[in-house]
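Please read the structure below before turning to the comments.
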Amino acid sequence: MADNTRTYSIQYQASYDELKEAFSLLVDKRSKRSRRIVGGLWLAAAIVLVILYAREPIGIHYAFMALVSAVFATLVWGYPDIKASLAARKVAKRKGTYKIKVRSDGYIIPYGQEALSLAKDKKSRAFETDRLFAVRPDFNHSIYLPKRAMDQVRISFVREVLQTYCKSYIDNRKNTETN
């Protein structure tokens, strides 16, 4: 029986902007919309608590809870972006050439490492933007594949593999007619 597994190799040099975009997608499971809503709720709680403190200055616990709520709102809104920037800066400093193989049976193989199954982890997820694919096959690995390093055949192949094997595939492309 012949092995019908197709494999495409992708080779590229990482750029900070692409890394930041990929890590921004992968660092937090929540969408930007849900982060805005949760952060807004924390901020609303802080405002209510400040009003309660203003009405009853002896209730110092209102001021403390308002401060905690404001900190949580700031963390919900800003922490994922800060974490993505730090991770992107750390990886971009390495200035290496990355070689990744994508197989049609749902495996991604970083050069010199073990094959990573996209279907193995129940939390595997992939994002596609106009510029790249960001993949989180498991908790310990994050991979991005820039479209600038691929032709249309490879882009379609990677998209098909990710849609088939990842538990969650999110298409964030703005211009889907041409891709």
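Summary of values
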item	result
Long pairs among Lys95/Lys122; Lys20/Lys122; Lys99/Lys123; Lys32/Lys120; Lys29/Lys90, criterion Cα-Cα beyond 29 Å	Lys95/Lys122
Length-normalised contact order for the chain - Cα pairs under 8 Å, 6+ apart - percent	26
Length-normalised contact order of the range 32-91 in % [C-alpha pairs under 8 Å, at least 6 apart]	41
Assigned charges on the beta-carbon of Lys, Arg, Asp, Glu; the range 20-116 dipole about Cα centre (debye)	580
The chain - charge dipole about Cα centre, Lys and Arg +1 at Cβ, Asp and Glu -1, debye rounded to 20	240
Placed amide H near Leu132: partners under 5 Å, 5+ positions off or other chain	Lys147
Whole-number D in µm² s⁻¹ for the range 32-91, Kirkwood Cα-pair radius fed into Stokes-Einstein, 20 °C, 1.002 mPa s	171
Cut-off under 5 Å, modelled amide H: who pairs with Ala14 long-range	Gly96, Tyr98
Convex hull (Cα only) mean projected area of the range 126-179, reported in nm² to one decimal	3.6
Per-residue HN-Hα couplings for the range 104-114 [Karplus 6.51, -1.76, 1.60; θ = phi - 60°; Hz; x = Gly/Pro]	5, 8, x, 10, 10, 10, x, 3, x, 10, 6
Furthest towards positive pole of dipole, Tyr107, Ile82, Ala134, structure part the chain, Cβ charges	Ile82
Percentage relative contact order, the range 1-75, counting C-alpha pairs under 8 Å, at least six apart	29
Convex hull per residue volume in Å³, alpha carbons only, for the chain	139
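All of the numbers you see were taken from the coordinates with simple rules; none came from a lab. The structure displayed is predicted, hence computed values, not measured ones. Here the Cβ is made from the backbone with ideal geometry for all residues, glycine too, and neighbour counts use every protein chain on show.
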